[in-house]
Amino acid sequence: MEGLSTTSRDRTFVRITRLARGDQQTVREVYQGLSETSRRLRFLVEMPAEPPATVLRLLAETDRVNHVAYVATAHGRPVGIGRWVRDRHDPCIAEAAFSVVDDYQGRGVGSLLLHQLMHSMLYAGIGTLVCTRDPENSRVERLLAPWGGTRTWVDGVIEHRIPLQWSASNSTSVPEARCA
Ligand SMILES: CC(C)(COP(=O)(O)OP(=O)(O)OC[C@H]1O[C@@H](n2cnc3c(N)ncnc32)[C@H](O)[C@@H]1OP(=O)(O)O)[C@@H](O)C(=O)NCCC(=O)NCCS
């Protein structure tokens, strides 16, 4: 599934590739494309316009096993990153997070990243995707809603839990979510 794809919305060609380990430059470019509001929605706290060095390092420190990230590239520039981080206590659960630069939001990039994350989670033996969002983040709600699962309020944020499984017997198809 990795490779050239097209957004469902405006047919912009988007390439989805794995973020190379330590690629802080790509992480920085996507971060710098987020508005103040988008940064807060992504990190659930106010964040500065320039990414702090520790945040950059952590976000770029993927390992292909417990921390996997994918980059969406359009018109020669990175426009989004989606990642999952395996739960320390339960290896069958992973937390997903997304950043799409403001001028590409609402064009289907987040959906492409979500599909890629779901595929790679299934290949990694992960059966539950967790995503924590600000209650006002209705776009993430709309992004995740078709996949069902549950929503729980936890300390002022909403935690989505989406069970994953392969659809039919076709391992190349889009994963199917079991609707709760
Ligand atoms: C949240 C975010 C990642 C979503 O990415 P995006 O590229 O904007 O999202 P998409 O365009 O793929 O999908 C969202 C839209 O597609 C629609 N959509 C996606 N899949 C769908 C489906 N299967 N069926 C129906 N609608 C669907 C949603 O209704 C939504 O519509 P909207 O334009 O009215 O909001 C992005 O907006 C972002 O980075 N925001 C700031 C940071 C943030 O909030 N991060 C998430 C915290 S984990």
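One residue is enough: does the range 31-41 have a residue meeting the conditions within 30 Å of GLN165 (Cβ to Cβ) and over 12 Å from the mean Cα position of the chain (by Cα)?
Our first condition is that a residue be within 30 Å of GLN165 (Cβ to Cβ); within the range 31-41, this holds for 41.
Adding the requirement that they be over 12 Å from the mean Cα position of the chain (by Cα) leaves 41.
Yes: one or more hits.
For the range 114-132, name all the residues that are within 8 Å of the ligand (Cβ to nearest atom) and touching a Lys or Arg at 6+ places or on another chain (Cβ under 9 Å).
Result: CYS131, single match.
Just for the range 92-108: of the residues that are part of a loop (DSSP other than H, G, I, E, B) and in contact with a Gly (Cβ under 7 Å, 6 or more places away or on another chain), which one is nearest to the ligand (Cβ to nearest atom)?
To start, the set of residues in the range 92-108 that are part of a loop (DSSP other than H, G, I, E, B) comprises 92, 101, 105-108.
Among the residues that remain, those that are also in contact with a Gly (Cβ under 7 Å, 6 or more places away or on another chain) are: 92, 101.
Numbers: CYS92: 20, VAL101: 8 Å.
Filtering first and then ranking leaves VAL101.
Considering each of ASP102, ASP63 in turn, give the residue that is in contact with a helix residue (DSSP H, G or I) (Cβ under 7 Å, 6 or more places away or on another chain) and surrounded by fewer than 16 Cβ atoms within 10 Å (Cβ to Cβ).
Working: ASP63 fails: in contact with a helix residue (DSSP H, G or I) (Cβ under 7 Å, 6 or more places away or on another chain).
Only one candidate qualifies: ASP102.
Which residues, taken from the range 44-77, are of a type in the set (A, V, I, L, M, F, W, C), assigned to a helix (DSSP H, G or I) and either in contact with a His (Cβ under 6 Å, 6 or more places away or on another chain) or under 25 Å from GLN116 (Cα atoms) (or both)? Steps first, please.
Residues of the range 44-77 of a type in the set (A, V, I, L, M, F, W, C): 44-45, 47, 49, 53, 55-56, 58-60, 65, 68-69, 71-72, 74.
Adding the requirement that they be assigned to a helix (DSSP H, G or I) leaves 53, 55-56, 58-60.
Passing the criteria: VAL55, LEU56, LEU58, LEU59, ALA60.
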Task: Sole residue being near the ligand (Cβ under 9 Å from one of its atoms), more than 17 Å from VAL68 (Cα to Cα) and either at pLDDT 95 or above or assigned to a helix (DSSP H, G or I) (or both), chosen from ARG142, ARG161, ARG151 - done: ARG142
Task: Lone unmet requirement of (1) under 18 Å from ALA97 (Cβ atoms); (2) in contact (Cβ under 8 Å) with a residue 60 or more places away in the chain; (3) within 13 Å of the ligand (Cβ to nearest atom); (4) out of contact with any helix residue (DSSP H, G or I) (no Cβ under 8 Å at 6 or more places or on another chain) for SER111 - done: (4)
Open item on the list: Given (1) under 28 Å from VAL65 (Cβ atoms); (2) in contact (Cβ under 8 Å) with a residue 12 or more places away in the chain; (3) among the hydroxyl-bearing types (Ser, Thr, Tyr), identify the lone condition not met by SER167.
Closed with: (2)
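The values are calculated or read from the model by the stated rules, or taken from the named source; none is laboratory data. As the structure is a computational prediction, the values presented were derived from the model and not from experiment. Positions of Cβ are generated from backbone atoms using ideal geometry, with glycine treated the same way; all protein chains shown enter the neighbour counts.
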